[in-house]
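What follows is a set of notes on a single structure, which appears directly below.
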Amino acid sequence: MQPTYTAEAEAYREKIQAFLAEQLPTGWKGVGALPRAEAEQFARDWRATLHEHGLLAASWPREYGGGGLSELEQVVLVEEFFRAGVPTGTANDVFGIQMVGNTILQWGTDEQKHHFLPRILSGEDLWCQGYSEPNAGSDLGNLGCRAVRDGDEWVINGQKIWTSAGHLANWIFVLARTNPDAPKHKGISFLLVPMDQPGVEVRPIRMITGDAEFNEVFFTDARTPAENVVGQVDAGWAVAMTLLGYERGEAAATFPIMFRTELDRLVALVAESGRAEDPLIRQRVAWCHSKVEIMRYLGMRTLTKYLTGAHPGPDASIFKLYWSEYHRLVTELAVDVLGAGALVPTGRWPSSSFQADDAGAPNDSASWVGTFFAARAGTIYAGTSQVQRNIIGEMVLGLPKEPGAPTGTWREQQRTDP
């Protein structure tokens, strides 16, 4: 693990800091300081600015519209953006750039790269994720959404759930079962599917926060061209795991910064509430400080591997498990500090239901209660904590698999044949 940056990296950091000083308005405090509607408009405008300057998907090759930056420059970029409180894109860019875009770069054909990657960056294609199903969330390998070859197309039938930003997307990457007579982790293909067609229905799900950021998606004879398979037919599980590595791994650079900023806000809240001398509160804050520091070192270890060219692997689950369980407890502490005020929250609610509130957000009860509501979900989305522990145990530590796992084909494991 190398906790310091090279002179070249620090020179690039100064370049990014100058860019931010030039582009951001005077007195900028962070996107969290803006009302929600203004924050959403800022994110769209900022995305266009990043695209114009080659800072959207900054490490992608220039031939596909990326910035051609080195991995180290990209790390410096996202660190400075988080410190400045500006986004690296809009909600669907997590799925379009970070997830499916990086996966196409690794697994896609030349035709897929030249077609899809520039459209992702231009914003013409907005993506969401079609993984989880009602009977295949944590046990993703049990998915039953079917795709059947019909000439030059795949015909898709089934359901996906917890599809974040699906109501904003016009494309979805879908894990579909293309061979039900293979073992359940085989016979799955990774398909790129247009959503603006008959046979695709999106139903938003209302959350405890009042928002509807995720959805159910139903496929009824929906179609996609045969060439829209990433990787090999019936071998999509490896592609899917690559994508989850990107989903869980790239947070190593930014989450330690985000959670340190959030903890600083909590310390200020403790002082403002007059609880700074409470020994139990002090002990819990000290515990949070130790966990954020450990998270920083976990992030450094992940970044060191990333900068040496290693692709995200199952060890990315360590970081995901760590931050999600930590965040559940730190937000519980914030609600305890607020006391009765948490029952009648006031102020600006978080503009996102994922992780901490945006940088610059007011330190009010609505911000903390909204983040508290969302924190529990962090132990579920992107893989539950139970599943992360299994991945770490079996794939990182080499422990035996759980006993009693069903054998045979996926069809044989189903009570009724779909």
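For the chain, what's the relative contact order in percent, using C-alpha pairs closer than 8 Å and at least 6 residues apart?
So the answer I get is 16 percent.
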Ratio of the chain's C-alpha Rg to 2.2 N^0.38 Å, to two decimals?
1.00
By how many degrees, between 0 and 90 and to the nearest 10, does the Cα long axis of helix 279-307 differ from the longest principal axis of the chain?
50 degrees
Other-chain or far-sequence residues with amide H under 5 Å of SER351's (modelled H)
ASP358
Rounded to the nearest 20 debye, what is the charge dipole size of the range 40-87 about its Cα centre when +1 sits on each Lys and Arg Cβ and -1 on each Asp and Glu Cβ?
80 debye
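What pairs from LYS29/LYS160; LYS186/LYS320; LYS160/LYS291; LYS113/LYS401 go past 27 Å between their alpha carbons? Before the final figure, lay out the partial values.
Values: LYS29/LYS160 38 Å; LYS186/LYS320 25 Å; LYS160/LYS291 35 Å; LYS113/LYS401 37 Å.
Violating the 27 Å limit, Cα to Cα: LYS29/LYS160; LYS160/LYS291; LYS113/LYS401.
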How far, in degrees from 0 to 90, does helix 110-122 lean away from the longest principal axis of the Cα atoms of the chain, to the nearest 10?
40 degrees
To the nearest Å, what is the center-to-center distance of the range 218-279 and the range 45-65, using C-alpha atoms only?
21 Å
If a paramagnetic tag sat 7 Å from the Cα of ALA271 along the Cα-Cβ line, which residues of the range 315-340 would have the backbone N under 18 Å from that point?
334, 337-338
At 222 nm, what value in deg cm²/dmol follows for the chain if DSSP H runs of at least 4 each add -39500 (n - 2.57) and the sum is divided by all its residues, to the nearest 500?
-14000 deg cm²/dmol
Could you give the radius of gyration (one decimal) and Dmax (whole number) of the Cα atoms in the range 301-372, in Å?
16.1, 50
Check THR224: other-chain or 5+ apart residues with amide H under 5 Å from its amide H, H built from backbone geometry?
TRP154
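Carbon-plus-sulfur fraction of the accessible area of the range 162-228, 1.4 Å probe, in percent? If you can, show how the numbers build up before the last one.
Details: 1460 of 2770 Å².
Percent of accessible area from carbon and sulfur atoms in the range 162-228: 53.
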In degrees from 0 to 90, rounded to the nearest 10, what is the angle of the helix 36-52 Cα long axis to the longest principal axis of the chain?
70 degrees
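Carbon and sulfur atoms: what percent of the 1.4 Å accessible area of the range 347-395 do they account for? Write down the numbers at each step before the final one.
Working: 1090 of 1810 Å².
The C+S portion of the solvent-accessible surface of the range 347-395 is 60 percent.
Full-extension gain between THR384 and ASP336, please, as 0.36 nm times their residue separation minus the C-alpha to C-alpha distance.
14.8 nm
How high is the relative contact order of the range 184-323, given as a whole-number percent (alpha carbon pairs under 8 Å, six or more residues apart)? Intermediate results must be reported in sequence, preceding the final value.
Values: 130 pairs, mean separation 35.3, N = 140.
Relative contact order comes out at 25 percent.
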Taking the range 45-175 as the region of interest, what is the percent of Cα-Cα pairs per 5 angstrom bin, listed from the shortest bin to the one with the maximum distance?
2, 10, 17, 19, 19, 14, 9, 7, 2, 0, 0
Can you compute the radius of gyration and Dmax for the range 1-48, using only the Cα atoms, both in Å?
14.7, 41
Residue by residue through the range 128-139, which ³J(HN,Hα) values in whole Hz follow from phi under the Karplus form 6.51 cos²θ - 1.76 cosθ + 1.60 (θ = phi - 60°), with glycine and proline marked x?
9, 10, x, 10, 5, 9, x, 10, 8, x, 5, 8
Compute the relative contact order of the range 192-257 as a whole-number percentage, counting only Cα pairs closer than 8 Å that sit 6 or more residues apart in sequence.
27 percent
What is the range 178-224 by shape, rounded, prolate or oblate, if you read a ≥ b ≥ c off the alpha carbon gyration tensor as root eigenvalues and call it rounded for a/c under 1.5, prolate for a/b larger than b/c, and oblate otherwise?
oblate
Over the Cα atoms, compute the radius of gyration (one decimal) and Dmax (the largest Cα-Cα distance, rounded to a whole number) for the range 38-87, in Å.
11.3, 33
Per residue accessible area of the chain, 1.4 Å probe, in Å²:
46 Å²
Rounded to the angstrom and largest first, Cα extents along the principal axes for the range 188-301 equal 64, 37, 17
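The values are calculated or read from the model by the stated rules, or taken from the named source; none is laboratory data. Everything numeric in this text was worked out from a predicted model, so none of it was measured. Ideal geometry is used to build each Cβ from the backbone, glycine not excepted, and the neighbour counts take in all protein chains shown. Surface areas here come from the heavy atoms of the whole protein model, side chains and all, with no ligands, DNA or RNA. Shrake-Rupley method; radii C 1.70, N 1.55, O 1.52, S 1.80 Å.
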